[in-house]
Amino acid sequence: MRDRVFRTGADLVLIAVTGATVGALLDWDGWSSVQEAPLGTAGRLLIAAGAVVAVLARRAAPATTLAGASLLVALEPLTGGALAAVAYTAGARWARLRGRVPLLAGCVTLPLAVTAAGSATRPTPILEYDVMVVLVTGIVCGVLPGLAGALAGQRERLVHALAERNAHLEKAHHSAEEQARARERSRIAGEMHDLLGHRLSLIALHSGGLGMATEGGDPDVHRSALLVHSTVRRAMDELRDILGVLRAGDPVAGPEPLTARTGTHAELVAMVAQSRRAGIAVDLEWTGTDLSGESPTARRAVDRVVREALTNVHKHAAAADVRVVVRREAREVRIDVRNGPETAGASPYRLPGSDLGLVGLHERIRLLGGTLRAEPADGGGYAVAARIPLGAGPAVVRTPAPPGHRAVSAERTWGDRVAAAAAMVLGVAGVVALQFVTLAFVPCPDLP
């Protein structure tokens, strides 16, 4: 409803400006005095009303209103402003070339045919003048606005198609990010399955031994041992049912198993040495004590941060110098992996990447209550900085998930619509002025 009111208001302003432009230019040149409306004043009023109706109805029926506006130009060339508005809208609406050719031809041939038929009995100078006036009006007020509308319509359709494509790609990227976060949660759950399964297996083993040792002894202790054993076995079965399939269903599960060595100083040294053998100049700086006694979840996060950062260096900046800094503090560990700009002779070939590894890494560290930043470094290169809390397990999550990509809307804002309406008004006024300027060079015949 608001759009309809806005369009109607813009059309009325367009009509008013066009009428004011014609009125202001009428006294500037006397060419229109040669053209007499067939019905006098009443005829001029009917033609003006028809021009208003054509402008208001040009969006609903472009072809019909274009034909009507062309006929009005044959009767009264002063309605060229209405023809310009209708031709522009029709040119913008018709996307195919076979629709634009009749549009441009009809703006000229139809008024010429009607004018030639109506002025056939008049003197030759008058007939030639009438044909020239209508021809100039058809070209200036019909063909040129039609071409401008066709170009504007083509651009608008292209922009709309690109906006839809961009929205589709943004939606697909957002879906891929969500899948990466889900895969990281599945990977964490798989690691929990391995850790808890190992611990529960030890409890089941010791409780079973305790049950065998107390057999024939105190019955209460024996029953408690059997109860612990059966409860642990049932917990292992339930854990296997809930989490056991996650690792098998994860298509990107890492090849490195979670061991007591994961995330420790010795493993990072071996990882850096492996990168050096692959041709990357990387240095490791470790500050503080080792992480061998920390929780497996924190050590796995340290491993994943350094591994993902070095993997991205291999993909995108293999000729750059890399520095890995790990600082062990009392309650957290800080990791900074930074590579500088590549040398001038570096190979331009890069391996493809989707940044989904960083998305999954964001999710893992967020679930641990830490933070991760991955962004271009000052002076060139790239920097990955992480803060991972140290504790017995995942911390309470207080950090929100990183925002996804926001789809770009293809709808026009009110500012765009106001600007388009103002451009239409100024364009029609300019076309009318151009019509008068052009007709000023058409010599008027000497009337007897």
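The values are calculated or read from the model by the stated rules, or taken from the named source; none is laboratory data. This is a predicted model, so every value here is computed, not measured. When we count neighbours, we look across all protein chains shown, and the Cβ atoms used for this are built from the backbone with ideal geometry, even at glycine. Accessible surface areas use protein heavy atoms only, side chains included; no ligands, DNA or RNA. Shrake-Rupley method; radii C 1.70, N 1.55, O 1.52, S 1.80 Å.
Just a few scattered comments:
- Search result, residues across the stretch 106-131 that are surrounded by 15 or more Cβ atoms within 10 Å (Cβ to Cβ) and within 21 Å of V431 (Cα to Cα): G106, C107, V108, L110, P111, L112, Y129, D130, V131
- Taking the listed residues A92, A87, the one that is surrounded by 15 or more Cβ atoms within 10 Å (Cβ to Cβ), part of a helix (DSSP H, G or I) and modelled with pLDDT of 85 or more is A87, with no other qualifying.
- Taking every residue in the stretch 147-170 that is farther than 21 Å from R96 by Cβ and pairing it with any residue that is surrounded by 12 or more Cβ atoms within 10 Å (Cβ to Cβ), at least 6 positions away or on another chain, the pairs with Cβ-Cβ distances below 6 Å are A163/V408; A163/A410; N166/V408; A167/A407; A167/V408; E170/H405; E170/A407.
- Residue count for the stretch 288-328 under the criterion of being acidic (D, E), open to solvent by 30 Å² or more (accessible area, probe 1.4 Å) and under 20 Å from R364 (Cβ atoms): the result is 2.
- Residue pairs whose Cβ atoms lie under 8 Å apart, sitting 6 or more positions apart in sequence or on different chains, and linking a residue in the stretch 424-438 that is open to solvent by less than 40 Å² (accessible area, probe 1.4 Å) to a partner that is not in a helix (DSSP H, G or I), are F436/W28; F436/D29.
- Hey, A410 at pLDDT below 75, open to solvent by less than 50 Å² (accessible area, probe 1.4 Å) and part of a helix (DSSP H, G or I) or not: no
- Filter result for A318 (over 19 Å from E267 (Cα atoms) and in contact with a Ser or Thr (Cβ under 8 Å, 6 or more places away or on another chain)): yes
- Selection status of P376, loosely packed, with under 14 Cβ neighbours inside 10 Å, modelled with pLDDT of 85 or more and not acidic (D, E): yes
- Looking across the stretch 255-272, just one residue is surrounded by fewer than 16 Cβ atoms within 10 Å (Cβ to Cβ), modelled with pLDDT under 90 and of a type in the set (G, A, S), and that is A260.
- Residue match in the stretch 352-366 (condition: over 19 Å from V282 (Cα atoms) and either at pLDDT 90 or above or more than 31 Å from the chain's Cα centre (by Cα) (or both)): no
- Matching option when the condition is within 40 Å of the chain's Cα centre (by Cα) and of a type outside the set (D, E, K, R), among G142, G138, G118, G68: G142
- The condition of being closer than 22 Å to L439 by Cβ, modelled with pLDDT of 80 or more and among the small types (G, A, S) holds for only one of G149, G138, that being G138.
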